[in-house]
Amino acid sequence: CKVIDVGVLPTPAIQNAVRHFKADGGVIITASHNQSEWNGFKFLRKDGSVLYENEMEKVIAQYQKTSSKAPISAKRTIALQKRTEALDAYKEFVFSIIGKKALEVIKKQKLSVLIDPNGGAGIVAKEILESVGIKTIALHMEPGEFSRQIEPTSESLAYLIPKIKQ
């Protein structure tokens with residue numbers, strides 16, 4: 001099989017990557033905003049949408065039939081590292097929705113944004129925002145390092161208020 005590894009990206013970017021690479025489907029390891037024992041998988045169709053329940057039941061049934069067999073040989077697997085291309089394709093997709101005129105207005109506004117993705121896939125927001133001229137102050141940008149309570153509640157995000165005012 002051919003695996004296209006897009007690395008750590010937000011779910012919408014991976015859904016877009018499935019379409020961009022014309023893949024047969026995709027799998028996302030998800031819920032990084034939860035404790036690790038609550039992570040799971042999202043299985044995607046070739047259009048980037050999540051499988052329906054009946055489709056997922058077929059995947060589970062197939063897995064249960066084959067789980068006792070040896071895993072796919074690494075010799076028969078081609079892994080392509082395509083994170084940069086996937087992220088660029090996602091930026092193009094988002095910017096096409098916003099439109100060229102609006103992007104020019106955004107660039108002229110000299111905006112500043114504070115982001116705290118807390119080590120999750122949202123760390124790509126900094127690169128996306130800065131590519132359109134938005135000054136980005138970013139906190140907790142180390143992938144996989146959760147520096148605050150994971151659930152974004154008013155209590156866990158209260159520390160941002162003075163930073164925003166600053």
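If R0 is 35 Å, what FRET efficiency do you get for residue 39 and residue 108 from their C-beta distance, rounded to 0.05? Show your work: numbers first, answer last.
Values: r = 41 Å, r/R0 = 1.17.
So the FRET efficiency works out to roughly 0.30.
In Å², and per residue, what accessible area does the chain have when probed at 1.4 Å with the other protein chains present?
Values: 11580 Å² over 166 residues.
On a per-residue basis, the chain sits at 70 Å².
Tell me, what % of the accessible area of the chain is carbon and sulfur with a 1.4 angstrom probe?
Values: 6610 of 11580 Å².
For the chain, the apolar C and S fraction of the accessible surface comes to 57 percent.
Please compute the Cα-Cα pair-distance distribution of the chain with 5 Å bins starting at 0, giving whole percents from short to long.
Percent of Cα pairs in each bin: 2, 7, 12, 15, 17, 16, 13, 8, 5, 3, 1, 0.
Residues of segment 94-128 with backbone nitrogen within less than 20 Å of a virtual label 7 Å along the Cα-to-Cβ line of residue 160, please, listed as ranges.
It comes to 111-128, nothing else.
Roughly how tilted is helix 53-66, in degrees to the nearest 10 and between 0 and 90, from the longest Cα axis of the chain?
The helix 53-66 is inclined about 50 degrees to the chain.
Roughly what would the spin-label model give for residue 147 and residue 66, points 7 Å off Cα along C-beta, in nm?
Distance between label points: 4.2 nm.
If you take the charge dipole of the chain about its Cα centre, with +1 on Lys and Arg Cβ and -1 on Asp and Glu Cβ, which of 128, 166, 39 is farthest toward its positive end?
In the chain, that residue is 128.
Against the longest principal axis of the chain, how steep is helix 11-20, in degrees 0 to 90 to the nearest 10, with axes from Cα atoms?
60
Assign unit charges at the C-beta atoms only (+1 for Lys and Arg, -1 for Asp and Glu), then state the dipole size of the chain relative to its Cα centre in Debye, rounded to the nearest 20.
600
Where does helix 100-109 land angle-wise versus the long Cα axis of the chain, in degrees 0 to 90, nearest 10?
Rounded to the nearest ten degrees, it is 40.
Cα to Cα, under 16 Å, and not fewer than 8 places away if on the same chain: which lysines meet these conditions relative to residue 126?
Result set, ordered by chain and number: 91, 107, 110, 135.
The values are calculated or read from the model by the stated rules, or taken from the named source; none is laboratory data. Nothing here was measured: the structure is a model prediction, and the numbers come from that model. Glycine also receives a Cβ, built like all others from the backbone with ideal geometry; neighbour counts cover every protein chain displayed. Keep in mind that these areas ignore ligands, DNA and RNA; they rest on the heavy atoms of the full protein, side chains included. Shrake-Rupley method; radii C 1.70, N 1.55, O 1.52, S 1.80 Å.
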